[in-house]
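What follows draws every value from the coordinates through simple rules; no lab data is involved. Everything numeric here is computed off the predicted structure, so don't read it as measured data. Every residue, glycine among them, receives a Cβ derived from its backbone with ideal geometry; neighbour counts consider all protein chains shown.
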Amino acid sequence: MLTVHPQYITDSHGNKISVVLPMKDFVALMEELEELEDIKLYDKSKKANEPSIPIDEAFSQIEKKRTNKK
């Protein structure tokens, strides 16, 4: 579980309006968000139930398309 140490900026009425995080916490939070996005994309691709190809073949196809554009 990610633990963050926020500091809050408040308005004149004491309402929290912003958060300040140490860089270490911010970087860790961004890494967690990226991982969650990867998981969502994986789940979406599994639900699509489309045929898959080996990664080496995918890279080959991508490289071939890239060189053909030049």
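What label, among (1) 74; (2) 217; (3) 82, belongs to volume of the Cα convex hull per residue in Å³ computed from the structure on display? Answer label, from the structure shown: (2).
By how many degrees, 0 to 90 and rounded to 10, does the Cα axis of helix 23-48 deviate from the longest principal axis of the chain? Approximately 40 degrees, to the nearest ten.
Within the shell of other residues whose beta carbon sits under 15 angstrom from the beta carbon of residue 58, the net charge comes to -1, with Lys and Arg scored +1 and Asp and Glu -1. Taking a straight line from the alpha carbon of residue 64, these aspartates and glutamates sit under 19 Å away, with near neighbours fewer than eight places off in the same chain left out: 56. How would you classify the range 30-70 from its alpha-carbon gyration tensor, with a ≥ b ≥ c the square roots of the eigenvalues: rounded for a/c under 1.5, else prolate if a/b is greater than b/c, otherwise oblate? The shape class here is oblate. Annotation for residue 17 and residue 62: the two label points, set 7 Å from Cα along the Cα-Cβ direction, are 4.4 nm apart. Note on residue 8 and residue 36: their simple-model spin labels are 2.0 nm apart, each label 7 Å out from Cα toward Cβ.
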